[in-house]
Amino acid sequence: MKEVWVFIEQERGIIHPVSFELLGIAKKLALALSGKVAGVLLGYQVELLVEEIFSYGADRVYLIEHEVLLYYRHIPYVKGVSELAKKYQPEILLLGATPLGRDLAGGVATQLETGLTADVTELTIDKETGHLLMTRPAYGGNIMATIVCSQHRPQMATVRPRIFSIPEREPLHRGELIREQIEFKEEEAKVKRLDFIPKEKMVNLEYAEVIVAGGKGVGGKEGFGLLQEIANELGGEVGASRLAVEAGWISYDHQVGQTGKTVRPKVYMAFGISGTIQHRAGMQNSDYIIAVNTDPQAPIFKIADLGIIGDWKKIAQALLRALKRERGFYE
């Protein structure tokens, strides 16, 4: 029976949400192939995570535990995943397009001598051939390319976080646990962690519940200062269009779109963003979209739940005043 594998990314015993998102899409792919979904979990003393993996749809979990796998290092993790794949021959292997997932995927694909499609935004099964169709942006996001790995297995892809929704959790769902023993030697890892220094707070666009985004229409860095104030009041993050980032008004970490980050907030506010197809592809699955623009023909209004035609700055300032009044009222 064909299996669709999902690498379960975890750090310090906490599973990255992208792994649950991948289990959801893996279930759909497996159904199309009349196959099963399997999670691949590496680490040390992480067996307690297995039930959680089952609850999000896995039919099987392959578990490798070893002291060398306590924290992520390229060589031992590549060895572990590659040896599993060589033994069990999965049809598809999916990883999150995170810094860890991207690093691991390249090494595994090399060991398995198979293809790898990076930063995928859509996955489907070709009904005639059974091949995995992997779609991703190309040429700076100006076109969407669909890639097929017809001659080699597994078919591998890294998938951007927030492209797919997290499936509904089923606490009673259980599957088969397969424990694999692979010999690892500390000296083979080539890298040793001496200390761990947490980074300062990073922009968490992918999993923000509220995003206040600005485009070319905000006019400069000062405009993003105002948007940051609104985001602070709402407990959200600041997003940006590609043009605003390229103008140097805000860093790339804030960019939303095909060449930036894909987001699914509960509320997405777009100030001065025209809404090109590249930008919409990164935020159109938001629960509620509010767009503010002076151009009534701006494409962003086609997907907005609430559209406001007017001066973005006046509207943003009025919103900020209202938010501060409301906060003061409840305090």
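The values are calculated or read from the model by the stated rules, or taken from the named source; none is laboratory data. Computed from a predicted model, the values in this text were never measured in an experiment. Neighbour counts are summed over all protein chains in view; Cβ atoms, including those assigned to glycine, are modelled from backbone coordinates with ideal geometry.
In table form, for the structure just shown:
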quantity	calculated
Region 145-168, subset buried (at least 16 other Cβ atoms within 10 Å of the Cβ) and without any contact (Cβ under 8 Å) to a residue 60 or more places away in the chain, residue farthest from T262 (Cα to Cα)	C149
Strands (runs of 3 or more DSSP E) contained in region 134-218 and holding at least 3 residues among the aliphatic types (A, V, I, L, M)	143-148, 155-159, 210-214
Residue within region 48-64 that is among the polar types (S, T, N, Q) and closer than 25 Å to V148 by Cα present	no
Some residue of region 95-113 being surrounded by fewer than 18 Cβ atoms within 10 Å (Cβ to Cβ), among the polar types (S, T, N, Q) and closer than 18 Å to V4 by Cα	no
Residue list for region 218-247, restricted to those being in contact (Cβ under 8 Å) with a residue 12 or more places away in the chain and among the small types (G, A, S)	G219, G220, G223, A231, G235, G236, G239, A240, S241, A244, A247
Whichever residue in region 178-212 is under 26 Å from the mean Cα position of the chain (by Cα) and modelled with pLDDT of 90 or more and, among such residues, is surrounded by the most Cβ atoms within 10 Å (Cβ to Cβ)	V212
Yes/no for L243 being closer than 11 Å to A270 by Cα, assigned to a helix (DSSP H, G or I) and not acidic (D, E)	no
Residue, nearest to Y88 (Cα to Cα), within region 51-70, restricted to residues that are under 21 Å from the mean Cα position of the chain (by Cα) and not aromatic (F, W, Y)	A58
P171 surrounded by 19 or more Cβ atoms within 10 Å (Cβ to Cβ) and under 26 Å from L63 (Cβ atoms)	no
Those residues of region 266-297 which are assigned to a loop (DSSP other than H, G, I, E, B) and farther than 12 Å from S241 by Cβ, in sequence order	K266, Q284, N285, S286, D287, T294, D295, P296, Q297
The one condition in (1) modelled with pLDDT under 95; (2) under 30 Å from L133 (Cα atoms); (3) in contact with a helix residue (DSSP H, G or I) (Cβ under 6 Å, 6 or more places away or on another chain) that T158 fails to fulfil	(1)
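One line per residue, one yes/no per condition, for (1) surrounded by fewer than 20 Cβ atoms within 10 Å (Cβ to Cβ); (2) among the small types (G, A, S):
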{"residue": "V218", "(1), (2)": "no, no"}
{"residue": "G236", "(1), (2)": "no, yes"}
{"residue": "K261", "(1), (2)": "no, no"}
{"residue": "M269", "(1), (2)": "no, no"}
{"residue": "G275", "(1), (2)": "no, yes"}
{"residue": "A318", "(1), (2)": "yes, yes"}
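Residues checked against (1) within 22 Å of the chain's Cα centre (by Cα); (2) within 15 Å of G215 (Cα to Cα):
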site	(1), (2)
E237	yes, yes
R264	yes, no
F271	no, yes
W312	no, yes
Q317	no, no
